[in-house]
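Student: Take this structure first; my questions come after.
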């Protein structure tokens, strides 16, 4: 290795020693230069502690949410999905991130994203729970030049219904007494989820959320149960 390569190695080593955020770890390789492999966490950094209060607060939140989804799923006949909904949240990789970033009024995944740039808990969660539209994204091998290399896949109806129950339960959990049947639709309209979903999936979810907002929970659940039973 020549002197020029040694100098580049030393500069990159200094960058790694002083990094505070993931974006600080940017290494520009030189010719014939071996780039150090990124191992997941570019440097040691202090993260929020897991306290007793946050541990039990997060446990209560995810259990309350799960029970609300269970209740909704059972009302429309999705008994198995209601039982297994969000079980991965109790796994160590998800639970302790949730406890570490617990705030009580929003998803701890967003707090983790703000802290390190992405959510380790969410990366684990979305690949194991079919009621999330992110689960249904694949490579687009039939795409033309200029089209996205990723393609959203149409979700089966029973998972769209579970997603509906998930969104209702999340709104009830975080809004508390301020919850109304319009809240899930308002959240959906204010987000960007629609552009990442299959058009038919987005249309069905919006139809059900709008029905909920305009006609209420009893009417919407009865409609869903009648469609699932066919």
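The values are calculated or read from the model by the stated rules, or taken from the named source; none is laboratory data. Because the structure is a prediction, the values reported are computed rather than measured. Note that we place each Cβ from the backbone using ideal geometry, even for glycine, and neighbour counts take in every protein chain shown.
Here is a yes/no grid of residues against (1) assigned to a helix (DSSP H, G or I); (2) closer than 30 Å to residue 52 by Cβ:
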{"site": "104", "(1), (2)": "no, yes"}
{"site": "130", "(1), (2)": "no, no"}
{"site": "141", "(1), (2)": "no, no"}
{"site": "151", "(1), (2)": "no, no"}
{"site": "175", "(1), (2)": "yes, yes"}
{"site": "202", "(1), (2)": "yes, no"}
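Student: Quick check on region 186-209: of everything there that is more than 18 Å from the chain's Cα centre (by Cα) and within 30 Å of residue 147 (Cβ to Cβ), which residue is surrounded by the fewest Cβ atoms within 10 Å (Cβ to Cβ)?
Tutor: Per the stated criteria, the residue is 199.
Conditions (1) touching a helix residue (DSSP H, G or I) at 6+ places or on another chain (Cβ under 6 Å); (2) at pLDDT 95 or above; (3) in a helix (DSSP H, G or I); (4) over 14 Å from residue 131 (Cα atoms), marked per residue:
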{"position": "167", "(1), (2), (3), (4)": "yes, yes, yes, no"}
{"position": "170", "(1), (2), (3), (4)": "no, yes, yes, no"}
{"position": "181", "(1), (2), (3), (4)": "yes, yes, no, yes"}
{"position": "194", "(1), (2), (3), (4)": "yes, no, yes, yes"}
{"position": "213", "(1), (2), (3), (4)": "yes, yes, yes, yes"}
{"position": "218", "(1), (2), (3), (4)": "no, yes, yes, yes"}
{"position": "222", "(1), (2), (3), (4)": "no, yes, yes, yes"}
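Student: State whether one or more residues within region 156-163 are under 24 Å from residue 134 (Cα atoms), under 21 Å from the mean Cα position of the chain (by Cα), at pLDDT below 95 and not in a loop (DSSP other than H, G, I, E, B).
Tutor: So the first thing to find is which residues in region 156-163 are under 24 Å from residue 134 (Cα atoms), and the list is 156-163.
Among the residues that remain, those that are also under 21 Å from the mean Cα position of the chain (by Cα) are: 156-163.
Going one step further and asking which of them are at pLDDT below 95, we end up with none.
Looking through region 156-163, none of the residues is under 24 Å from residue 134 (Cα atoms), under 21 Å from the mean Cα position of the chain (by Cα), at pLDDT below 95 and not in a loop (DSSP other than H, G, I, E, B).
Student: Mind listing just one residue for me: the one in region 106-128 that is loosely packed, with under 13 Cβ neighbours inside 10 Å and without any contact (Cβ under 8 Å) to a residue 40 or more places away in the chain and, of those, nearest to residue 55 (Cα to Cα)?
Tutor: Looking at residues that are loosely packed, with under 13 Cβ neighbours inside 10 Å and without any contact (Cβ under 8 Å) to a residue 40 or more places away in the chain, I get 114.
Student: So if I check each of 87, 70, which one is closer than 29 Å to residue 161 by Cβ, modelled with pLDDT of 95 or more and exposed (fewer than 13 other Cβ atoms within 10 Å of the Cβ)? Give the derivation first.
Tutor: Values: 70 fails: exposed (fewer than 13 other Cβ atoms within 10 Å of the Cβ).
Step by step, each of 87, 70 is checked, and only 87 is closer than 29 Å to residue 161 by Cβ, modelled with pLDDT of 95 or more and exposed (fewer than 13 other Cβ atoms within 10 Å of the Cβ).
Student: Hey, does region 85-97 have a residue that's assigned to a strand (DSSP E or B) and over 12 Å from the mean Cα position of the chain (by Cα)?
Tutor: We begin by selecting, within region 85-97, every residue assigned to a strand (DSSP E or B); these are none.
No: zero hits.
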